[in-house]
Every structure is written in C-alpha cells, then in structure tokens.
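Read the figures in this text as sums done on the coordinates, not as results from a lab. Predicted model only: the values in this text are computed from it and were never measured. Note: ideal-geometry Cβ built from the backbone for every residue, glycine included; neighbour counts use all protein chains shown.
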Amino acid sequence: MVKKRIHSSTRRGFLAGATATLATPALAQYIPGDPLRPAPEPEASVRRNVSGFRALDWQPYFSNTRNGAILVDTVSRALHYWSDDQSVYKLYPSSVPLTEEMTRRGRTSVIRKVEGPSWSPTPSMKKRNPEWPDHIPPGPDNPLGTHALYLAWKYYRIHGTHDTRKIGRRSSNGCIGLFNEDIAELFLMTKVGTQVLLI
C-alpha cells in the first residue's frame, strides 16, 4: 500500500510538473546564463496560431516560381515553399527575430547552401553580447543547426536549430529558424537562386 501511495504521488507530481511546463510562457523557456539563448521579449498573448498553418497560394506574393519560391511570414511564424513547377508545396513552422528592429522584410534570394555550417556572431551581436564566442564549428552547439541557406542580405540565413523550443517563437537575432529535419528537407529542394520574400 505504501508503494502504491508513493507511485500515485509521484505520478501526480509528474503530471502537475508536465502541465506547468507546457503552460509556461515563452519568457520562461530560455536558459538562464546561456548567452546564445537570450530571453525573448514579452509577447502579447496569442489565442491560436492556426492562421499561420493554412496553405497559401504563391500568386499574391510572386510573379512566378522560377527556381522555386520561399515566403516567410514573420507574423504567423511560418515558412512556405513552392517548387519551380509548383508540384511541391511545403509549410513549416519557424522561429523569427526577437524584435522589430532585428526583422528585415522584403525580397532576396538564396545565394549559398551549406550542410554542417559553422557560425560566427555578427559585429552587432558581438557588440550586444561581448561574452559570446567568436566562432562555433559545426555540431550540436552550433546555432545554425545542421543546414543553412545563405541569403543575398549579408548575415541573414534560413537555418536549422538544435534548440527546438525556439520554433514558433520570436527567438532569433535576425535569421529564420526551422526544425533540423525541416531545414534538411527544404535544403534538398531549394536551389541557389530560389526567390525569398519575408513579410
């Protein structure tokens, strides 16, 4: 009987802890003291993010899909991809920049693809966070995850992340992040020259 009570109590404690973790706001889900995982800005409460995960048509955003097309919606935190011949459409949840000041919108393109990217902070990141390392090689500690699509805008990337808590949140220093399995899939479909639009 004692064993049963301990088990029951432990199970209740686990369930309560799990529920509390799931209900924890984004602000509390960073790692204190980790300079590469800063606290996000407080966000307005969002009832649902269903609109971000609706299929979209490419035509309101692009005149054609030559070389493929990527639309990043920074409001709904979703990345849409259309293949050159429009036979493939993909929709991925994404992370977006922490602040409006870090958010760049407009048209650009993919100029380089790197599997196993290394990372170095930009001058502005280093100014804000002088304690950050100057370079991180490919691997599990790399903020760019397993794959990166380099954009024509200097320092901007669409990349993976090993920190899955960032996806669906305002959590980056300017780049667009995807789950590693999603960026791996997008990486295979995307060409150098793929059109990119951030709205």
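Available extension along the chain between Arg66 and Val192 is 44.2 nm, counting 0.36 nm per residue and deducting the alpha carbon span.
Quick one: compute a quarter of the convex hull surface over the Cα atoms of segment 58-184 and quote it in nm². About 7.7 nm², averaged over all directions. Of the cross-linked pairs Lys90/Lys154; Lys113/Lys191; Lys90/Lys191, those separated by over 19 Å at the C-alpha level are Lys90/Lys154.
Each of Glu185 and His135 was given a label point 7 Å from its Cα along the Cα-to-Cβ line. The distance between the two points is 3.4 nm.
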